[in-house]
1. Kindly list the number of the only condition in (1) surrounded by fewer than 21 Cβ atoms within 10 Å (Cβ to Cβ); (2) under 23 Å from the mean Cα position of the chain (by Cα) that fails for A39.
2. If you take the residues of region 102-122 that are over 18 Å from the mean Cα position of the chain (by Cα) and either among the hydroxyl-bearing types (S, T, Y) or more than 19 Å from V62 (Cα to Cα) (or both), which of them is least open to solvent (accessible area, probe 1.4 Å)?
3. Would you mind telling me which numbered condition in (1) under 24 Å from C131 (Cα atoms); (2) open to solvent by less than 40 Å² (accessible area, probe 1.4 Å); (3) in a strand (DSSP E or B) S90 fails?
4. Suppose we filter M30, M1 for residues that are outside any strand (DSSP E or B), at pLDDT 75 or above and within 30 Å of N197 (Cα to Cα); which single one remains?
5. Which one of these does L265 not meet: (1) over 21 Å from M30 (Cα atoms); (2) open to solvent by less than 10 Å² (accessible area, probe 1.4 Å); (3) at pLDDT 95 or above; (4) not polar (S, T, N, Q)?
6. Would you be able to say whether some residue in region 62-73 is open to solvent by less than 10 Å² (accessible area, probe 1.4 Å) and part of a loop (DSSP other than H, G, I, E, B)?
7. In region 276-305, which residue that is among the small types (G, A, S) and modelled with pLDDT of 90 or more is surrounded by the fewest Cβ atoms within 10 Å (Cβ to Cβ)?
8. Please pick out the residue among L218, L241 that is in contact with a Phe, Trp or Tyr (Cβ under 7 Å, 6 or more places away or on another chain) and of a type in the set (A, V, I, L, M).
Amino acid sequence: MRTQHQLLAVFCATIVLAGANSVTAGPIPMPLEVHLDIAKQVVLGQITKIEEIDQRLFGDGVRAGRATIAVTETLKGLPAQSVELIVATSVDRNYGGSSPQRVHKVGDRGIWLIAASGIVSHSFGLLPEKCKADVQRIVMNLEKRKWSEPVNGLCAWAAAVYPNYQPENPNAMRKTPVIIFALKNLSETDIFVPTENSAGMITAVVTDHAGKVARYVLGSATWKNERVFCRKLAAGDIVYLHPDYSFIDLPRSERLADDKYKVVLECSNEKEGESAMSIGERRVPVTSWKGKVSAPPVELDLTRSETKVAP
């Protein structure tokens, strides 16, 4: 199955990451479940060779290399004895990028999350080997998940997870659950999906233990354009839609009280679309996806928000 990245949250400070040490700044990264889902391949192994390449894949001031990994075990994707991936090898002192960069070298070992592009993610690209059980559990849960029935080619899925996974201490996660929300293209052709920032695109239908129902339109977009901006989702691809943060944080955005809730996330659109091949290019009209698709209900238990329970 192919997968597609969504744009990650923009970090507000420049951080350089070396080896397996991870430092974050600005918004919390997307949960580990999302990174594992959009990774094309996940392997346990060690870098045995790096060849420098003359491409600015990570932006100005960052040198890249093609690394060869001797694979000990394949945790997701096709089994292999070795894989090649693109890593950052050095960062200039005057690097001014908005995203942190993790520098890799021969001998680095751990669990590698490889994107469809062959590039290693800067946030969860390399996890310590001790996280293997967590990775295997999450990958297995993703494989067993149940999607909604498709609507005009798109099906939906959501889950409650605990963000802020810390590889150095996997049990020290944030105590309040959040929700991740994804769409999958089950058709045999490309679908232009409106972005999560389109006004009124995503709604959360929240029911408390007493049966009281509330509807929350997510996101801060207020403009009323005639057309919605769309991303192209290829057949079989998955995209995550999180309007405000790197996940959907209903306890924070809607100030939900400590209770047990049933949450149904809806994605809907009736507007025509527009898109562009890349940032800065002229937008052109496209046939956008239209309809309403709802993910299977998610149980959001905020009564246990003081415990450190893994998803």
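The values are calculated or read from the model by the stated rules, or taken from the named source; none is laboratory data. As the structure is a computational prediction, the values presented were derived from the model and not from experiment. Virtual Cβ from ideal backbone geometry, glycine too; neighbours counted across all protein chains shown. Heads up: the accessible areas ignore ligands, DNA and RNA and are worked out on the full protein's heavy atoms, side chains in. Shrake-Rupley method; radii C 1.70, N 1.55, O 1.52, S 1.80 Å.
1. In the conditions (1) surrounded by fewer than 21 Cβ atoms within 10 Å (Cβ to Cβ); (2) under 23 Å from the mean Cα position of the chain (by Cα), A39 misses (1) alone.
2. Only one residue tops the list, namely G110.
3. Here S90 clears every test but (1).
4. Matching residue, one of M30, M1: M30.
5. (1)
6. no
7. Step one: list which residues in region 276-305 are among the small types (G, A, S), which gives 276, 278, 280, 288, 291, 294-295, 305.
With the extra rule that they be modelled with pLDDT of 90 or more, the set shrinks to 288, 291, 294-295.
Working: S288: 21, G291: 13, S294: 18, A295: 22.
Among those residues, the one meeting the criterion is G291.
8. L241
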